[in-house]
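Written out below as structure tokens is the structure these notes cover.
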Amino acid sequence: MKVKNILAALVIIIVMSTVYLAYYGLFAGVEIQEIKKGPWVFVYEKHVGPYGGAKHVADKIYRTLSKEEKVETLRGIGIFYDKPGDVEEEKLRSVSGCLLEEKDLARVPELEKKYRVGEVPAGSVLLVEFPMKGSLSIIMGAIKVYPKLSVLMKQKKYKPVPMIEIYDPGKSRLYYVAALEAEKGLFESFLR
């Protein structure tokens with residue numbers, strides 16, 4: 001009887017864990033599209049260290065823009081420069097912030113006086129759309145998406161570019177973007 005109860009509990013744990021992980025994107029497909037997208041204009045700060053810290057930077061910018069500037073931002077952005085494992089965690093470089101909505105683009109000159117403002121121009125990108133249900137979705141997406149993007153970029157002989165993540169909680173979507181036509185030096189300019 002004890003063995004039967006232990007097996008039943010184990011089955012329940014496995015089923016519940018699978019359902020939980022499925023909710024966060026475990027079984028989500030990875031479809032890579034090559035399309036024209038952009039531009040993306042954003043307010044950001046630089047971050048050096050574990051990529052998990054980039055979220056705190058974006059949250060800070062969101063609160064500051066909302067309270068001090070009365071700018072409503074609905075989407076976040078992170079640009080990740082280094083491949084974890086190739087670079088020490090404490091030296092990983094990223095920029096993180098909030099995308100400006102179209103209605104606030106006229107305020108860019110004013111915002112540039114107080115904040116870093118960047119733009120990734122419209123152009124050809126590799127794009128993957130992934131469900132975003134919470135922080136675990138971001139981790140699961142990175143595990144599933146980046147290896148496939150890397151393989152495709154090598155197959156098509158695309159030059160390596162920093163990876164962009166766009167977080168759209170209103171649509172419960174996470175977008176992974178490789179800006180293929182970004183002008184040389186564009187991404188480095190965000191780090192200055």
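Every read-out reported here was derived from the displayed coordinates using simple, explicitly stated rules and does not represent laboratory data. Note that the structure is predicted; figures quoted are calculated from it, not measured. Positions of Cβ are backbone-derived with ideal geometry, glycine not excepted, and every protein chain shown enters the neighbour counts.
Please find, within region 35-82, the residue that is surrounded by the fewest Cβ atoms within 10 Å (Cβ to Cβ) out of those that are among the hydrophobic types (A, V, I, L, M, F, W, C) and touching a Pro at 6+ places or on another chain (Cβ under 7 Å). Even if it seems obvious, please write down each step before you answer.
Residues of region 35-82 that are among the hydrophobic types (A, V, I, L, M, F, W, C), as a first pass: 35, 40-43, 48, 54, 57-58, 61, 65, 71, 74, 77, 79-80.
Checking which are touching a Pro at 6+ places or on another chain (Cβ under 7 Å) leaves us with 79-80.
Details: I79: 28, F80: 20.
Top of the filtered list is F80.
Scan region 74-119 for residues that are under 17 Å from the mean Cα position of the chain (by Cα), assigned to a strand (DSSP E or B) and among the basic types (K, R) and report the count.
Of the residues in that region, 1 qualify.
If a residue must be outside any helix (DSSP H, G or I) and farther than 28 Å from G78 by Cβ, how many such residues does region 1-49 contain?
Qualifying residue count for the region: 1.
Can you tell which of Y20, Y51 is within 20 Å of M132 (Cβ to Cβ) and more than 20 Å from the chain's Cα centre (by Cα)?
Y20
Among the residues of region 128-165, which ones are in a strand (DSSP E or B) and either among the β-branched types (V, I, T) or surrounded by fewer than 19 Cβ atoms within 10 Å (Cβ to Cβ) (or both)?
V128, P131, I164
Can you pull out every residue in region 30-61 that is within 18 Å of M140 (Cα to Cα) and free of Cβ contacts under 8 Å to residues at least 12 places away in the same chain?
Once the filter is applied, which keeps residues that are within 18 Å of M140 (Cα to Cα) and free of Cβ contacts under 8 Å to residues at least 12 places away in the same chain, region 30-61 yields G52, G53.
If I filter region 13-29 down to residues being in contact (Cβ under 8 Å) with a residue 12 or more places away in the chain and out of contact with any strand residue (DSSP E or B) (no Cβ under 6 Å at 6 or more places or on another chain), which single residue comes out as surrounded by the most Cβ atoms within 10 Å (Cβ to Cβ)?
Among those residues, the one meeting the criterion is Y24.
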